[in-house]
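See below for the structure under consideration.
The values are calculated or read from the model by the stated rules, or taken from the named source; none is laboratory data. Just so you know, these numbers come straight off a predicted model, no measurement behind them. Using ideal geometry, Cβ is built from the backbone for each residue, glycine included, and neighbour counts are taken over all protein chains shown.
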Amino acid sequence: MNNIDTSVVSSINSGGGSNGLSARQSDELRNSFMTLLITQLQNQDPLKPMENSEMTSQLAQINTVSGIEELNSTLEGITQQMDAAKALQAAGLIDKAVLVPGNNVMVSVDEENGSYATPFGIELDSAAEKVVVTVTSKAGEVLYTKDLGAVAAGVESFSWGGLTNDGAAVPAGAYNVNFKATNAEGELMESRALNYALVQGVSPGTGGDNVRLDLGAIYGQVTLDQIKQIL
């Protein structure tokens with residue numbers, strides 16, 4: 001008696017995929033598999049019985065399929081729980097100030113309190129021996145520069161008073177911040193500028209995306225992993 005057609009096992013294994021079978025069809029094929037196996041045992045040649053290893057192998061295949069389906073179901077439940085946890089975490093950031101990738105600095109001017117500039121930050125993969133920050137106008141004019149000295153790896157935030165190096169207040173508006181980081185040998189290092197934003201709302205992701213945070217018209221939406229620091 002020949003072994004059970006491997007196409008039956010292949011059909012069961014394909015269940016649940018984008019081109020696979022429904023749960024009902026998978027159950028039906030699994031039942032058919034067991035029926036065929038029992039029939040094969042009942043009708044095998046007594047002089048050439050099925051090897052124990054052959055039967056064990058075929059039983060292992062169907063048990064593996066069942067185990068995978070149960071595992072997929074468990075993983076789906078865990079994924080749903082993780083998505084719910086992310087949504088709760090994101091909701092907790094509403095009305096919080098954060099640092100996200102970007103190099104914008106916004107300056108506002110108040111007659112009573114003077115100029116105020118939003119914070120900014122830098123992200124480094126490794127410690128820098130020297131970091132120089134430069135603030136420029138949108139036209140590229142250098143307004144402010146400062147040697148920040150050594151900066152540790154990770155995320156660091158800084159503030160600027162909205163004044164030029166000569167002490168003059170800059171007009172209200174948007175400016176750019178840039179960093180130049182170097183190591184102990186004076187070699188240029190990779191760095192990423194971060195700008196201030198206020199979390200205004202949360203929306204569910206689409207097309208497999210994570211939950212998204214609404215940062216307003218200027219900065220749009222970001223995912224949780226783009227939040228580098230909560231201020």
Name the residue that is nearest to Gln229 (Cα to Cα), counting only residues in the stretch 142-170 that are charged (D, E, K, R) and in a strand (DSSP E or B). Glu156
Condition broken by Leu224, with the remaining ones in (1) modelled with pLDDT of 95 or more; (2) not assigned by TED's automatic domain parsing to the domain that holds Asp125 satisfied: (1)
Identify, from the list Gly102, Gly92, the residue that is without any contact (Cβ under 8 Å) to a residue 40 or more places away in the chain, within 22 Å of Gln226 (Cα to Cα) and not aliphatic (A, V, I, L, M). Gly92
Of all residues in the stretch 115-143, which are without any contact (Cβ under 8 Å) to a residue 24 or more places away in the chain and either buried (at least 20 other Cβ atoms within 10 Å of the Cβ) or of a type in the set (Asp, Glu) (or both)? Glu141
So, of the residues in the stretch 201-221 that are farther than 13 Å from Val100 by Cβ and surrounded by 14 or more Cβ atoms within 10 Å (Cβ to Cβ), which turns out to be modelled with the highest pLDDT? Gly201
